[in-house]
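Worksheet for the structure shown next.
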Amino acid sequence: MSHKQSRRSFFKKSTMAGLAGAAWATHFGQGLEAAVEKAPLLSSPSDLQITDIKCGYIRNGHSLFVKIYTNQDIWGCGEGVDATPGTYYLVKMFGERIKGKSPLNVHRLFEDIRRSGFFEGAQSGMFVAVLTAVETALWDLAGKALGVPVYQLLGGKFRDSIRVYMDTALYQHQLPTPEQFAESASEAVDMGFTAVKFDLDQSNDPNKYDKYNWTASPGELTRMYDQIAAAREAVGPNIDICVDMHGRYDLPTGEQVAKMMEPLKLMWLEEPVPAENVEAYKRIADSTSTPICAGENVYLAHGFRPLLEIGAVDIIMPDLQKAGGLGEGQRIANLSNLYYVPFAPHMVASYLGAMAASHVCASVPNFLILEWQIYFHKNPMFKEIVSYDGEMVVDGFIPLSDKPGIGVEINEEGMRKYADKDVPFFA
Ligand SMILES: [Mg+2]
């Protein structure tokens with residue numbers, strides 16, 4: 001008997017037992033039975049239990065993949081990024097906390113882990129990044145167990161496809177010229193994208209006078225303006241352009257760049273200053289009509305509260321492989337919606353993470369746009385490490401998966417050759 005059949009018979013048996021003797025069942029039983037027939041996947045396998053958790057790392061430990069196993073023939077996959085190097089034993093510790101429990105109580109297991117460290121959950125960094133990967137795998141598992149996509153577990157969807165912007169990664173070039181900015185923007189538009197992102201922080205700019213001081217010189221400011229102006233000129237007024245400064249500059253530079261970019265009508269200016277000081281963000285946001293965006297280095301909904309409360313940012317961008325997971329991502333989006341602040345998640349993960357984030361983006365009204373990476377198109381590794389149906393992206397939109405769970409799987413064999421050598425790989 002297949003798992004689907006056994007779940008279905010479990011539901012039918014329990015439904016019929018529950019209805020036996022109920023007077024209204026004689027009137028409504030036929031309709032109920034027909035409804036059950038049309039939507040037969042509503043039950044929870046009552047004895048589903050977590051049996052094990054395993055993980056693998058690629059990209060020097062910065063990409064963590066976890067797999068949670070059960071006593072039935074289903075598993076869940078999740079991904080964490082950035083703050084994950086060296087966290088193998090943290091994954092194992094979290095696994096011990098959830099073994100033997102039902103993976104269907106996702107929020108409860110999230111809270112159990114979040115509070116399991118010191119200080120009843122006041123955590124950030126590695127702890128939360130690993131929790132994120134585990135929590136995401138629980139959603140995937142719960143969706144597979146119940147036969148529904150994750151967006152359905154999150155309350156349903158506002159949209160069927162997720163608009164993404166192309167991170168051009170021009171950053172990896174040595175001091176790209178304005179012409180390269182223009183070419184890169186045009187390339188993204190030719191691929192069907194309606195929004196692009198560029199990085200402006202260049203430690204090797206010859207106009208920069210000091211390695212540690214990040215006050216942009218007049219020459220640096222001119223270089224930044226010329227680069228973005230060339231991109232704007234190339235794509236015209238109707239393509240969105242985002243600009244990232246990676247939190248490296250200081251307050252006067254942030255204010256100057258935001259003001260200088262106003263004529264170029266950016267979608268946003270991202271992390272002009274480091275992430276820790278929300279009052280500095282507010283100073284910049286108050287000084288300009290350029291929308292200010294931040295949040296990829298903020299953890300949990302608690303971390304976003306002060307940014308929103310004082311109006312420090314115009315757009316928030318939690319990283320959903322890092323900030324606490326899919327449920328926490330939805331809570332952050334809903335919190336920001338109370339402040340009329342749009343939700344534009346950061347995304348530097350694999351296609352598993354992109355689709356996991358897409359389920360959250362589909363489930364909230366204030367979703368603006370999700371990050372997409374040129375590496376999905378140029379680095380073959382990103383297609384080898386996951387398995388999925390259909391196209392990853394179509395004309396600048398991710399088609400939301402309707403498969404049970406996230407809809408994208410880890411391809412362990414494809415990933416193995418890229419795995420970090422000094423850490424156990426799904427063992
Ligand atoms: Mg950024």
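Where a number appears in this text, it was derived from the coordinates with a stated rule and is not lab data. Source: prediction; values computed, not measured. When we count neighbours, we look across all protein chains shown, and the Cβ atoms used for this are built from the backbone with ideal geometry, even at glycine.
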- Task: Just need log10 I(q)/I(0) for region 270-427 at q = 0.11, 0.18, 0.21 Å⁻¹, Debye formula, equal scatterers on the alpha-carbon atoms, no solvent, rounded to two decimals.
- Result: -0.49, -1.07, -1.27
- Query: How high is the relative contact order of region 153-403, in percent, with contacts defined as C-alpha pairs under 8 Å that are six or more residues apart?
  - Reply: 22 percent
- Burial order of peptide ranges 199-206, 106-113 (average beta-carbon count within 10 Å, highest first): 106-113, 199-206
- Item | Value at 222 nm in deg cm²/dmol, rounded to 500, when DSSP H runs of n ≥ 4 in the chain each add -39,500 (n - 2.57) | -12500 deg cm²/dmol
- Note on region 50-148: contact order normalised by length, alpha-carbon pairs under 8 Å, 6 or more apart, percent, works out to 34 percent
- Task: Before anything else, pin down the relative contact order of the chain: Cα pairs under 8 Å, at least 6 apart, normalised by residue count, whole percent.
- Result: 19 percent
- Item | Residues of type lysines that residue 259 reaches as a straight line, Cα spacing below 29 Å, ignoring anything fewer than 8 places off in the same chain | 197, 208, 211, 282
- Rounded to whole Å and sorted largest first, list the principal axis extents of the Cα atoms in region 233-312. 40, 24, 21
- Task: Kindly identify region 153-403 as rounded, prolate or oblate by the Cα gyration tensor criterion: order the square roots of the eigenvalues as a ≥ b ≥ c, call it rounded if a/c is under 1.5, otherwise compare a/b with b/c, prolate if a/b is larger, else oblate.
- Result: oblate
- Message: Over the chain, with a Gaussian network built from C-alpha contacts below 10 Å, which listed residue (62, 173, 359) shows the highest mean-square fluctuation?
- Response: 173
- Query: Per residue and in Å³, how big is the convex hull formed by the alpha-carbon atoms of region 330-374?
  - Reply: 62 Å³
- Task: Evaluate the Debye formula for the chain with equal point scatterers sitting on the alpha carbons, no solvent, and hand back log10 of I(q)/I(0) at q = 0.07, 0.09, 0.10 Å⁻¹, in q order, two decimals.
- Result: -0.37, -0.59, -0.72
- Message: Output the 0 to 90 degree angle, nearest 10, between the alpha-carbon long axis of helix 300-309 and the longest principal axis computed from the alpha carbons of the chain.
- Response: 50 degrees
- Spatial separation of Cα centroids for region 364-427 and region 277-318, in angstrom: 29 Å
- Karplus ³J(HN,Hα) for region 322-336 (6.51 cos²θ - 1.76 cosθ + 1.60, θ = phi - 60°; Hz, whole; x = Gly/Pro) runs 8, 7, x, x, 7, x, 5, x, 5, 5, 5, 4, 5, 4, 5
- Give the whole-number value, in cubic angstrom per residue, of the convex hull volume spanned by the C-alpha atoms of region 171-302. 119 Å³
- Message: Run the paramagnetic zone check for residue 73: 7 angstrom along Cα to Cβ, then residues of region 374-417 with backbone nitrogen under 19 Å.
- Response: 404-405, 409-410, 412
- Bin all alpha-carbon pair distances of region 50-148 at 5 Å intervals from 0 and give each bin's fraction as a whole percent. 3, 15, 27, 25, 18, 9, 3, 0
- Message: I want the antiparallel fraction of DSSP beta bridges within the chain, as a percent rounded to 5.
- Response: 50 percent
- Computed about the Cα centre, the charge dipole of region 153-403 from +1 Lys/Arg and -1 Asp/Glu charges at the Cβ has a magnitude in debye, to the nearest 20, of 480 debye
- Specify the angular offset, from 0 to 90 degrees and rounded to the nearest 10, of the alpha carbon long axis of helix 178-190 from the longest principal axis of the alpha carbons in the chain. 30 degrees
- Query: Comparing 133, 323, 145, which has the greatest mean-square fluctuation in the GNM of the chain with Cα pairs linked when under 10 Å apart?
  - Reply: 145
- Note on the structure: Taking the alpha-carbon centre of each part, the distance from region 323-356 to region 136-214 in Å is 14 Å
- Note on the structure: Relative to the chain, whose Cα atoms define the longest principal axis, helix 278-287 and its Cα axis are tilted in degrees, nearest 10, by 60 degrees
- Item | Ordering of 182-195, 259-272 by packing [mean C-beta count within 10 Å, highest first] | 259-272, 182-195
